[in-house]
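The values are calculated or read from the model by the stated rules, or taken from the named source; none is laboratory data. Everything numeric here is computed off the predicted structure, so don't read it as measured data. With ideal geometry, Cβ positions are generated from the backbone for all residues, glycine too; neighbour counts draw on all protein chains shown. SASA here: full protein model, heavy atoms, side chains in, ligands and nucleic acids out. Shrake-Rupley method; radii C 1.70, N 1.55, O 1.52, S 1.80 Å.
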Amino acid sequence: MSKGSQSAPSLEVIGRALFHGLLMLTSRSLSKKPSIRYNADTAYVLFVNSRQGGVVRLKGDVSKLETNTNNVYVRAAKWIKEHAEVTVCPVEQVWNRFGNSNWGDMGAMQLLLAIFHSIEQCRGPPRNPLAEMAALHNERVQHRLLERENLELQELGETGSSQRSNSLRRSSRPEILEIEEEEEDIEIEDSRRAPDHVMKLEPGTILWLEDAHWQRGFQIQEQLGRRNSVYSAISLDEVGKPLAVHIGAHPSQLEPSWEDMSTWYQVQRQTRVLNIMKQRGVFSKYLTQIIASGRLMHPGPCSKKSPASRCDHPWCGTPVLVTAPIGETVDLVVEREGVFPVEEALRICHDCLSALRSASSIGIQHGDITPDHVIRVTGSDDEYYYVLSDWGHAVLEERDSPALSPQFSSTAALQDGKLYPASDTESLVYLLYYICGGIIPEFDSMEAALQWRDRVWARRIIQQQLGEVSAVLKAFADYVDTLCGTPYPVDYDIWLHRLARALSIDPSKNELSSGRLEFMAESSGTSAPSVS
């Protein structure tokens, strides 16, 4: 860092960054995983706030660090002085006046590249080259710059030369201003923006879906769970069991809103996955069944020019997915009822394995098994069964990436960003551990989550917890432990047979249940759009 730099970070910030960097290097040196030890001598630490940021790079051989528990900080400072190379980039503005990243500023460039390389190490190289993405970005910036100059010229022409100075002052203001607000004001503004950002439907609202071949209406009953975009509803064509209506994000909102991107996975991506299952003939009582999908029709006249276009109405073109069955998510059941009894734990393991077996028969992996993605359904015989839902992050091909949950994702998903044949069953074991009273802490980093997994598997903590509930669940955890990180497939049939015997279920009648036949009947004649 140049001595005359006016944007140097404070010594306190650098000291904290060096402390965290040394912790990272020490942790990597103790890890047994080759991917973590690959860059064991270099740590990049980002210091960022909402306006500016920079990078501290710490490089050195931590094997030369003297271990003395009485003078930890003294030894660490000595190592940094004698054996480490410290590089600090100048503090730069992260965003320019157009709201884009400062590609021309070296500090912000290092900041963004450090984040990019960290993601690349975890998830693999991007599909598009970095140079190509940067070129497209520069074209968009130049286009916006020309648009802004044209608007300024129009302002000058309309206001006249007498107001030239005022126009110049306005044009010199940035397009995006950061406003310091009190916490109460932010909550008020969020509540005001909520109706435009998330479509909230009241009980009794009638929704009409359109597709190329049909139109179908549904009456909203109530909101399901904690998500604002999922409702229970009944079909106006045939009154029967309640259905789940997933409201997607309006196409114009997908780019600025991360929350709306999650609804894209929940609606558009899940529609594709469920359609593939349906076209390939995969049906199961324990799988989410697609009933209908299409685009929302709004009340009043529509001025769209073609069936694929949209008008200015906020509802026009919003994607909707209708599925069955509906139920209560497992995380809500645990919050209300506590630890699952033995029979229910065996039941959820059996039902989720049945769903995974059906999906794996056509090469689909779920990739996002968590307590809020498994629902408890009341059957026609008033007994509970469990359905594996939320297939939006399913892995269909090798380039697809699973969702990352520090608490429930498999080790391969967190470490390599991909799934092995047994990865879904590993997530299922963590789910069983959770519902049987096991404590899964909140992790502040992926590295901490990986270290916890190494510890609980090495000490057999999961097997001990499940062994107190059922010997079958303990044996299943041991079986999954032998398959984790290997290319060997899971033998679903033998474990479904053992679980069915423990639950006194006739395996020959397992899939031919009344619930499955009802859902197949409901979905007949209302197929969603086909996908290639």
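Of note:
- Spin-label model, R226 to I440: label points 7 Å out along the Cα-to-beta-carbon direction sit 1.3 nm apart.
- Label separation (L153 vs S29): 6.2 nm, computed from points 7 Å beyond Cα along the C-beta direction.
- Karplus-based coupling profile of segment 462-476, in residue order and whole Hz: 5, 4, 5, 5, 5, x, 6, 9, 7, 5, 5, 5, 5, 5, 5, with θ = phi - 60° in 6.51 cos²θ - 1.76 cosθ + 1.60 and x standing for Gly or Pro.
- Solvent exposure of K64, expressed as accessible area, is near 110 Å², computed with a probe of 1.4 Å over the protein chains only.
- Between W208 and H20, the FRET efficiency estimated from the beta carbon spacing at R0 = 41 angstrom works out to 0.15.
- Phi to ³J(HN,Hα) by Karplus 6.51 cos²θ - 1.76 cosθ + 1.60 over segment 143-154, Hz, x for Gly, Pro: 5, 5, 5, 5, 4, 5, 5, 5, 5, 5, 5, 5
- Area of L18 that stays accessible when all protein chains are in place (1.4 Å probe, Å², to 10): 30
- Where a label projected 7 Å from the Cα of S10 along Cα→Cβ would reach, residues of segment 48-85 with amide N under 19 Å: 48-56
- Sorting 419-428, 65-74, 264-273 by their mean Cβ neighbour count within 10 Å, with the most densely packed peptide first, gives 419-428, 264-273, 65-74.
- Considering only W495, A449, S354, the residue lying farthest towards the positive end of the dipole of segment 336-503 is W495, judged by Cα position with unit charges set on Cβ.
- Across segment 9-19, rounded Karplus estimates of 3J(HN,Hα) from the backbone phi angles (6.51 cos²θ - 1.76 cosθ + 1.60, θ = phi - 60°) give x, 6, 4, 5, 5, 5, x, 5, 4, 5, 4 Hz, Gly and Pro being marked x.
- Rounded percent of accessible protein surface that carbon and sulfur make up, segment 336-503, 1.4 Å probe: 48
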